[in-house]
Amino acid sequence: MKNNALAGILSLMVACGMALGPNALAVDGPSPAASRLDGESANRVGTIDTQRLASDLGWDREMNDNLKKMTGQMENEFQQLGGLYDSLLQQKKKEMGITGTEKPEELAKKLTQDQQRELMELVNSARQKLSQVQQYANQQLEKYRNDWLNQYGSAIRPIVRRIAQEKKLAVVVNIQQVPLMFSDPAVDITDAVVDAAKANPPKLYPVDPPKMISDLFNKAPTTQTSTTVPAVTPAVAPAVAPKTVPPVKR
């Protein structure tokens with residue numbers, strides 16, 4: 001999550017649902033206002049810098065902070081699970097009389113084929129489960145990130161549409177996505193959108209936290225002895241309360 005988690009906060013063309021194509025943010029469909037544009041206005045194109053928009057509204061910082069918090073919880077649980085498997089392995093070795101100082105040939109003589117197979121199955125099972133957990137955690141964090149992007153996109157969309165209609169713009173291009181050779185500053189609506197969002201902050205709804213991996217602790221493999229998997233207290237993700245965008249000082 002060290003990337004600019006919002007270097008498309010909005011890569012907003014998709015997250016916002018405003019794309020006419022891969023390179024443009026636009027007003028929804030042929031609105032009544034758009035249909036009344038004269039010939040000259042109908043060809044007007046505006047620009048917006050979604051990266052600066054996200055920064056000025058504090059949305060990039062907010063999302064990165066939430067992702068950092070959730071990533072930390074995931075990493076903590078993953079380390080606990082790794083420690084859990086290591087404890088099981090060490091316990092099994094102890095039950096088999098393995099001290100850890102034996103050479104491979106000595107272990108081959110000390111352990112029966114069934115014991116060797118049991119030990120290897122435990123190791124392989126642990127590796128497989130840890131790999132599955134890591135993949136699961138990455139998927140959950142990616143979904144969490146996308147949920148935030150969709151939340152911001154939905155919140156800013158009506159404002160972009162209104163500003164575009166007021167300025168009689170037919171299309172708004174995201175300069176973070178389209179490398180423009182020239183753009184007249186007069187058609188940049190970023191400041192207008194930021195000011196409008198600060199003056200009347202759009203409502204943001206709770207984003208469900210990612211599912212933690214705690215439930216997998218109880219599904220960890222156990223040896224066929226009295227060794228059992230100890231209970232692990234799951235990390236509890238804080239609920240995200242409904243809120244509005246806080247004023248951001250320039």
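The values are calculated or read from the model by the stated rules, or taken from the named source; none is laboratory data. Predicted model only: the values in this text are computed from it and were never measured. Backbone-built Cβ (ideal geometry, glycine too); neighbour counts: all protein chains shown.
Here are some notes:
Let's see how each residue does on (1) touching a helix residue (DSSP H, G or I) at 6+ places or on another chain (Cβ under 8 Å); (2) touching a residue at least 40 places away in the same chain (Cβ under 8 Å); (3) among the acidic types (Asp, Glu); (4) part of a helix (DSSP H, G or I):
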site: Met63; (1), (2), (3), (4): yes, yes, no, yes
site: Lys68; (1), (2), (3), (4): no, yes, no, yes
site: Thr71; (1), (2), (3), (4): yes, yes, no, yes
site: Glu77; (1), (2), (3), (4): yes, yes, yes, yes
site: Gly83; (1), (2), (3), (4): no, no, no, yes
site: Leu88; (1), (2), (3), (4): yes, yes, no, yes
site: Glu105; (1), (2), (3), (4): no, no, yes, yes
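- Within region 137-165, the residues that satisfy the criterion of being of a type in the set (Ser, Thr, Tyr) and under 15 Å from Asn66 (Cα atoms) are Tyr144, Tyr152.
- For region 111-126, a residue qualifies if it is of a type outside the set (Asp, Glu), out of contact with any helix residue (DSSP H, G or I) (no Cβ under 8 Å at 6 or more places or on another chain) and surrounded by 11 or more Cβ atoms within 10 Å (Cβ to Cβ), and the qualifying residues are Gln115, Arg117, Asn124, Ser125.
- Candidates Lys129, Lys143 - the one that is out of contact with any strand residue (DSSP E or B) (no Cβ under 8 Å at 6 or more places or on another chain), among the basic types (Lys, Arg) and closer than 27 Å to Leu57 by Cα: Lys143
- Being modelled with pLDDT of 90 or more, in contact with a helix residue (DSSP H, G or I) (Cβ under 9 Å, 6 or more places away or on another chain), of a type in the set (A, V, I, L, M, F, W, C) and over 20 Å from Leu204 (Cβ atoms) is a description that does not apply to Ala137.
- For region 90-101, a residue qualifies if it is charged (D, E, K, R) and in contact with a helix residue (DSSP H, G or I) (Cβ under 9 Å, 6 or more places away or on another chain), and the qualifying residues are Lys92, Lys93.
- Residue among Pro201, Pro210, Pro221 that alone is modelled with pLDDT of 50 or more, within 30 Å of Gln134 (Cα to Cα) and not in a helix (DSSP H, G or I): Pro210
- Any chance Leu130 is within 24 Å of Leu84 (Cβ to Cβ) and without any contact (Cβ under 8 Å) to a residue 60 or more places away in the chain: yes
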